[in-house]
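Here's the structure we're looking at; comments come further down.
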Ligand code: AMP
């Protein structure tokens, strides 16, 4: 299974990717996670990426492509991978084609998670991560018992620095202008699968598996 998850911020890419990882043993490669780790480590690359991330802009292609190139060469990717949050513009999509051709691992499918704007806003402003388990939660949508369980286990519900209303607005605009053209790019390549991203996590996951034929 070699797939790309396409969808606006908050469309559920990370959540659904975690489920495919658990059920199919593939690896999730999230450029957002890799960049946040670089920022947290204080590396030079992280320092260069931070300003763009805080503003909700895209980090430069040079940084992101270098990271993805290295990550895709690691041995665990031969079992399959989900690219979550990459590519985000046409230049990245074309560069990805080249890297995958080099390692003879072409994409099987590109899943577009389609979600209404109002739901995206609630998902993004409500999004939290449990500091103890890394589990993704939402103060509007997660069962209270799951939110309580994190805190009772000594965890904290952490909000991402870029999940504030101003940055969110910018990220959605960047998605529309730079990432949405990839929908027709991958449709023309015969790889696009549309998945309605509204409803519960279980409902979306069932649709996703149907779209992937697994
Ligand atoms: P995400 O976790 O995917 O929402 O990404 C968080 C932030 O990291 C984005 O708003 C961008 O600033 C940056 N980022 C993540 N992936 C990419 C990418 N493929 N290209 C450029 N910037 C990215």
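The values are calculated or read from the model by the stated rules, or taken from the named source; none is laboratory data. A quick note: this is a predicted structure, and the numbers were derived from the prediction, not measured. Quick reminder, even Gly has a Cβ in these numbers, built from the backbone with ideal geometry, and neighbours come from all protein chains shown.
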**Complete:** residue 123 meets each of (1) touching a helix residue (DSSP H, G or I) at 6+ places or on another chain (Cβ under 7 Å); (2) part of a helix (DSSP H, G or I); (3) crowded, with 20+ Cβ neighbours inside 10 Å with one exception, condition (1)
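From the list 134, 154, exactly one residue is loosely packed, with under 15 Cβ neighbours inside 10 Å and at pLDDT 95 or above. Which is it?
Unique residue meeting the criteria: 154.
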**Message:** Criterion first (more than 12 Å from the ligand (Cβ to nearest atom), within 22 Å of residue 125 (Cα to Cα) and not in a helix (DSSP H, G or I)) does residue 198 satisfy it?
**Reply:** yes
**Asked** Would you pick out the residues in the stretch 32-90 that are within 11 Å of the ligand (Cβ to nearest atom) and not in a helix (DSSP H, G or I)?
**Response** 56, 57, 58, 59, 60, 83, 84, 85, 86, 87, 88, 89
**Fill in**
Residues of the stretch 50-77 being crowded, with 17+ Cβ neighbours inside 10 Å and over 20 Å from residue 177 (Cβ atoms), in sequence order, are 50, 67, 68, 71, 72
**Prompt:** If you check residue 173 against the conditions, is it surrounded by fewer than 16 Cβ atoms within 10 Å (Cβ to Cβ) and either more than 30 Å from residue 60 (Cα to Cα) or touching a strand residue (DSSP E or B) at 6+ places or on another chain (Cβ under 9 Å) (or both)?
**Reply:** no
**Request:** Residue by residue through the stretch 97-119, note down the ones that are without any contact (Cβ under 8 Å) to a residue 60 or more places away in the chain and either closer than 19 Å to residue 181 by Cα or within 16 Å of the ligand (Cβ to nearest atom) (or both).
**Result:** 97, 98, 99, 117
**Message:** I'm trying to understand the selection: among the residues of the stretch 137-151, which are in contact (Cβ under 8 Å) with a residue 12 or more places away in the chain and either under 30 Å from residue 75 (Cβ atoms) or surrounded by fewer than 16 Cβ atoms within 10 Å (Cβ to Cβ) (or both)?
**Reply:** 139, 140, 141
**Request:** Test each condition in (1) free of Cβ contacts under 8 Å to residues at least 40 places away in the same chain; (2) surrounded by fewer than 19 Cβ atoms within 10 Å (Cβ to Cβ); (3) not in a loop (DSSP other than H, G, I, E, B) for residue 21 and report the one that comes out false.
**Result:** (1)
